[in-house]
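Below: the structure, in structure tokens.
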Amino acid sequence: MGKKALAMLMILTILFVVANTGFSQNKNPSKEEVEKIIEEVATKRGIPSIILKCIAKIESTFRQFDKNGKPLIGAGRYIGIMQIDGKGNIYNLEKLKNDPVYNIEAGADHLLGKWKTANDKMAQIGNMDPNILEHWYFALWGYNGLSDKNDPNKSVKTYQDRIYEIALKDYKQKITPISRRSVPSRGGYPRNDKRISTPEEYHEGDIVKYKPGDIVNPNTMEKAKGKDFLVLHEGPRGKAIGTVKEDQTMTILEGPVLRRGFYFYKVKINEDSREGWVYGNWIVLSMDN
């Protein structure tokens, strides 16, 4: 078994053990345990772990349950460590409330949705490489709501500012903010016809990239109605040409290729020899490596 496969096995083992020990008593895991889970989830989902850690600190101070052992609920609807909205019937509500690992995975999924929105509808920062911490500015704005309270021209301290402060104070990680002049003075976020340069001083995250020859499995998000399918595309972010079953394996042929904020990999499905491109956020290393 290769080193990368062994590392992924350790990740999955940790997540399984953490998810199945102690939480049935609705007792909060320690901050260190939560940070470890966040690191593992971030590795699977292709998100810099520092970003997820800072969100968890702001949203809940790493707590899944309140002092009475009940699920932590904010404003009557936002649940757990990542404060995920429980009203939209998007995620498994019971797991959101009682499973810290699932709650963190839902937070990562929610953030990736905001990252996609930032790439599709908002100004592009540099080439929108997700491993550049500064590029997550608008996705962070979206995570907490695209409202005036997070507009740098209307608020003294935005959600993004708080993320950057925690990154520096708690993790000694500097993140350079974009210039306030990049955001319309009249209010609102800049649209996708605008380009913003990556700050001269930028910082890289810890996203893991696969290489040709790696064997990977689908690892999609479980939603309220079941798991998402892994979609096979004809090109990086191209037309969908099929899906990959959960029990199938794939061999990486090419990649990663950065396209509109996401890393894509060309794969061959080992069971039926189909080829296509998949998002790197929904695959994990197979134990067959």
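The values are calculated or read from the model by the stated rules, or taken from the named source; none is laboratory data. For clarity, every value in this text was computed on a predicted model and none was experimentally measured. Backbone-built Cβ (ideal geometry, glycine too); neighbour counts: all protein chains shown.
Would you confirm whether or not region 112-127 contains a residue that is buried (at least 24 other Cβ atoms within 10 Å of the Cβ) and under 14 Å from the mean Cα position of the chain (by Cα)?
yes
Counting only residues that are in contact (Cβ under 8 Å) with a residue 40 or more places away in the chain and surrounded by fewer than 21 Cβ atoms within 10 Å (Cβ to Cβ), which one in region 264-278 is farthest from ALA123 (Cα to Cα)?
Looking at residues that are in contact (Cβ under 8 Å) with a residue 40 or more places away in the chain and surrounded by fewer than 21 Cβ atoms within 10 Å (Cβ to Cβ), I get ASN270.
Looking for something surrounded by 13 or more Cβ atoms within 10 Å (Cβ to Cβ), β-branched (Val, Ile, Thr) and in contact with a Pro (Cβ under 6 Å, 6 or more places away or on another chain) - is there at least one such residue anywhere in region 188-196?
No, region 188-196 has no match at all.
Here's a check for you: in region 20-59, which residue that is among the polar types (S, T, N, Q) and in contact with a Phe, Trp or Tyr (Cβ under 9 Å, 6 or more places away or on another chain) is farthest from HIS203 (Cα to Cα)?
Only one residue fits best here, namely ASN26.
Within region 63-91, track down each residue that is among the charged types (D, E, K, R) and under 18 Å from the mean Cα position of the chain (by Cα).
Passing the criteria: only ASP85.
Looking only at residues in region 154-184 that are in a loop (DSSP other than H, G, I, E, B) and surrounded by fewer than 14 Cβ atoms within 10 Å (Cβ to Cβ), which one is farthest from the chain's Cα centre (by Cα)?
Per the criteria, the residue is VAL156.
Could you tell me whether any residue of region 248-260 is modelled with pLDDT under 95, hydrophobic (A, V, I, L, M, F, W, C), over 30 Å from GLU94 (Cβ atoms) and buried (at least 17 other Cβ atoms within 10 Å of the Cβ)?
Checking region 248-260: not a single residue is modelled with pLDDT under 95, hydrophobic (A, V, I, L, M, F, W, C), over 30 Å from GLU94 (Cβ atoms) and buried (at least 17 other Cβ atoms within 10 Å of the Cβ).
Can you name the condition, by its number, that LYS211 falls short on among (1) farther than 24 Å from ALA106 by Cα; (2) modelled with pLDDT of 95 or more; (3) surrounded by 14 or more Cβ atoms within 10 Å (Cβ to Cβ)?
(3)
Hey, among the residues in region 26-74 that are hydroxyl-bearing (Ser, Thr, Tyr) and touching a strand residue (DSSP E or B) at 6+ places or on another chain (Cβ under 9 Å), which one's farthest from TYR159 (Cα to Cα)?
Only one residue tops the list, namely THR43.
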